Each structure stands twice: as structure tokens, then as C-alpha cells.
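K.L.:
I have a structure here, written as C-alpha cells, and I will follow up with some questions on it.
The values are calculated or read from the model by the stated rules, or taken from the named source; none is laboratory data. These numbers were taken from a predicted model, which means no experiment stands behind them. We place every Cβ from the backbone using ideal geometry, glycine too, and count neighbours over all the protein chains shown. Remember, those area values only see protein heavy atoms, side chains included, never the ligands or the DNA or RNA. Shrake-Rupley method; radii C 1.70, N 1.55, O 1.52, S 1.80 Å.
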Amino acid sequence: MTEHFTDSQNSANLWPMALNVGTEMNDVMNAGMNAYIWWYIVRFYGPISDGTNDSGKKGQVTKRGYVMSQFSRFIRPGYFRIQCDSHPQSFVYTSAYRDSISSKVIIVAINSSSDAKTQTFNFQDGHVDMFTPYATSETKNCAREDDLIVSNGSFIVTLDGKSITTFVSHGNVKINVESASSAPASFKLLQNYPNPFNPSTRIEFEIAEKSFVSLQVYNILGEEIKELAGREYVAGIHSVMFDASHLPNGIYLYTLRAGDLHSSRKMIFAK
């Protein structure tokens, strides 16, 4: 469980800033936590407006509130997280859940790119007839969209740019869900985004096979600052966040190692 403000200085209606809390909730769930806590519900930067700082009328749901509802409205007590490719393609982040009683499956997908993304979802060892999507974007507030028919164990959807979409299943399915993407055939360390950054940035890497991965951050003198990864990862694309709020401005290096392979890149922290 965690309580973390992505931003407490600006109106919760600013887009795409409001989407950041959805990305945080996704990261928390995929990290294995079982709850995301946000204190101060009625605030100009919270899920319900207090009527100040251009956050709308007092009592209105803010854009950040609609983003939070993409999880809290559909993933209820008794649901548990199930297998899902957490990062099927660049800018797309997913998590999946199942109701222990009804077997209903919920998938939450975030597209952090300004461009629309086409995503395929496959289902292993199970069956489901259709999904109903609900989307929040700059112009949508948890809006119900047309049902998606599942054909031959998969469905394809276009995710709006800078959006979060929740898919609610109809019918029973088994627990294995995967976001379709081609199997990686390379070892790759991508440039952090954003760069320059303040105070946090996302680092993505790709490995071709299951490996023990280490990812460290160093200052310009070569001194280790932070270990971001130090465990076994399955083949695929993965991402971690680096928070430099406690560090001085400057250039930092990050190095990825997996087996005999290694790669390094520079990043710039500018307050």
C-alpha cells in the first residue's frame, strides 16, 4: 500500500498532468502492492474539487478523480491481480484483475503517448465473449464506449492518445491474460523519458530471454547513486522510475547489465 502525491500544486483538471496518477496506480499494482491510498479527497488537486484553483465547482469530480475511477470503480474488494504483460509496447502500460467470485476480468490500459495506439489482447486457456471499455482522456470522463467482441481468444482496440481505458468482461474467463507484442530479439537500453527531467523519469529496457538484470545510476564521477533493478526479469520490455528529487542538478549515467551484456546512457536532471 502507498500514499503518494503525483502533484499537489496544480488543479486536478489539468491534462495530461491528471493522467500521471493513473500511471502511478498502474506502477503500484504491478509492483505487487495491494492498495493505492490518496489522502485529502476534497482538494483542488484531488479527485473531488474544493471549488478553488480552477478545479471546478465544489463537489465536482475532477479529471484526476475520473482517472482514479478507472481503477476504483471497477476493481472492487475480492478482485486479485492476474498475469498480464505490463508494458506490451512503447508508451502503453497495462494491468489485469479477476473477481474471485464471478470470474469477471478487468483490464486497465494507459497510453501515455500523444498518438493513438493499436493494442491486441490475447487470452490463454479461457474464453470470454466481449468487453465493455470505459475511457478517460482530455475530452472523456470514464465514458462508456462500444462493446468489443472477442474473436479466437483476442480483441484489438485503439487507445486514445494520453488516455486510460478500463475493459470490463462479460462471461467467464480463466486467469491468464497477455498483451500481445512481438517477442524481443535484442538487448536494449532505451533513452529515459522525459530527458531532461525534474524530478523523476522513466527508464525502459528490453531483454531477449529470462535473465538476472541490474540497473544502476551513477554520477558523473562514476559513483553509484541508486540501484533501480537487481533481480530476475522475464524476456520482454520493462520499465522503472528514477526519482532524483534528493539529488543536485547535473548529468547522470545509468547502466544496464544482463549476463555478459551491458549498455549505458546519459540523462540530465534539471530543476
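K.L.:
Just to be sure, is Phe91 touching a residue at least 24 places away in the same chain (Cβ under 8 Å), out of contact with any Pro (no Cβ under 7 Å at 6 or more places or on another chain), closer than 10 Å to Leu159 by Cβ and among the aromatic types (Phe, Trp, Tyr)?
P.N.:
In short, yes.
K.L.:
Further, regarding this structure: Which one of the conditions (1) open to solvent by less than 50 Å² (accessible area, probe 1.4 Å); (2) among the aliphatic types (A, V, I, L, M); (3) more than 22 Å from the chain's Cα centre (by Cα) does Ala229 fail to meet, given that it meets all the rest?
P.N.:
It is condition (3) that Ala229 fails.
K.L.:
Are any of the residues in segment 210-225 of a type in the set (Val, Ile, Thr), out of contact with any Lys or Arg (no Cβ under 6 Å at 6 or more places or on another chain), open to solvent by less than 50 Å² (accessible area, probe 1.4 Å) and within 19 Å of Asp27 (Cα to Cα)? Spell out how you get there, then give the answer.
P.N.:
Initial filter on segment 210-225 (of a type in the set (Val, Ile, Thr)): 213, 217, 220, 225.
With out of contact with any Lys or Arg (no Cβ under 6 Å at 6 or more places or on another chain) added as a condition, the list becomes 213, 220, 225.
Adding the requirement that they be open to solvent by less than 50 Å² (accessible area, probe 1.4 Å) leaves 213.
Now drop any that are not within 19 Å of Asp27 (Cα to Cα), which leaves 213.
Yes, segment 210-225 contains at least one residue that is of a type in the set (Val, Ile, Thr), out of contact with any Lys or Arg (no Cβ under 6 Å at 6 or more places or on another chain), open to solvent by less than 50 Å² (accessible area, probe 1.4 Å) and within 19 Å of Asp27 (Cα to Cα).
K.L.:
Quick check: is even one residue across segment 74-86 in contact with a helix residue (DSSP H, G or I) (Cβ under 7 Å, 6 or more places away or on another chain) and modelled with pLDDT of 95 or more?
P.N.:
Our first condition is that a residue be in contact with a helix residue (DSSP H, G or I) (Cβ under 7 Å, 6 or more places away or on another chain); within segment 74-86, this holds for 81, 86.
In the following step, the residues that additionally are modelled with pLDDT of 95 or more were identified as none.
Among the residues of segment 74-86, not one is in contact with a helix residue (DSSP H, G or I) (Cβ under 7 Å, 6 or more places away or on another chain) and modelled with pLDDT of 95 or more, which makes the answer no.
K.L.:
Then there's this: Collect the residues in segment 51-65 that are free of Cβ contacts under 8 Å to residues at least 60 places away in the same chain and surrounded by 20 or more Cβ atoms within 10 Å (Cβ to Cβ), keeping them in residue-number order.
P.N.:
Filtering segment 51-65 down to residues free of Cβ contacts under 8 Å to residues at least 60 places away in the same chain leaves 51-60, 62, 64-65.
Ser55, Gly56, Thr62, Arg64, Gly65, listed by residue number.
K.L.:
Select from segment 16-37 the residues that are more than 11 Å from the chain's Cα centre (by Cα) and assigned to a loop (DSSP other than H, G, I, E, B) and write down the one among them that is surrounded by the fewest Cβ atoms within 10 Å (Cβ to Cβ). Steps first, answer last, please.
P.N.:
Looking only at segment 16-37, we keep the residues that are more than 11 Å from the chain's Cα centre (by Cα), and these are 16-18, 32-37.
When the remaining residues are screened for being assigned to a loop (DSSP other than H, G, I, E, B), the result is 16, 32-35.
Details: Pro16: 17, Gly32: 7, Met33: 14, Asn34: 9, Ala35: 9.
It comes out as Gly32.
K.L.:
Can you name every one of the strands (runs of 3 or more DSSP E) wholly within segment 66-150 that holds 2 or more residues which are open to solvent by 60 Å² or more (accessible area, probe 1.4 Å) and touching a Lys or Arg at 6+ places or on another chain (Cβ under 9 Å)? Spell out the reasoning first.
P.N.:
Numbers: elements: 79-82, 92-99, 105-111, 117-124, 130-136.
Here the list reads 79-82.
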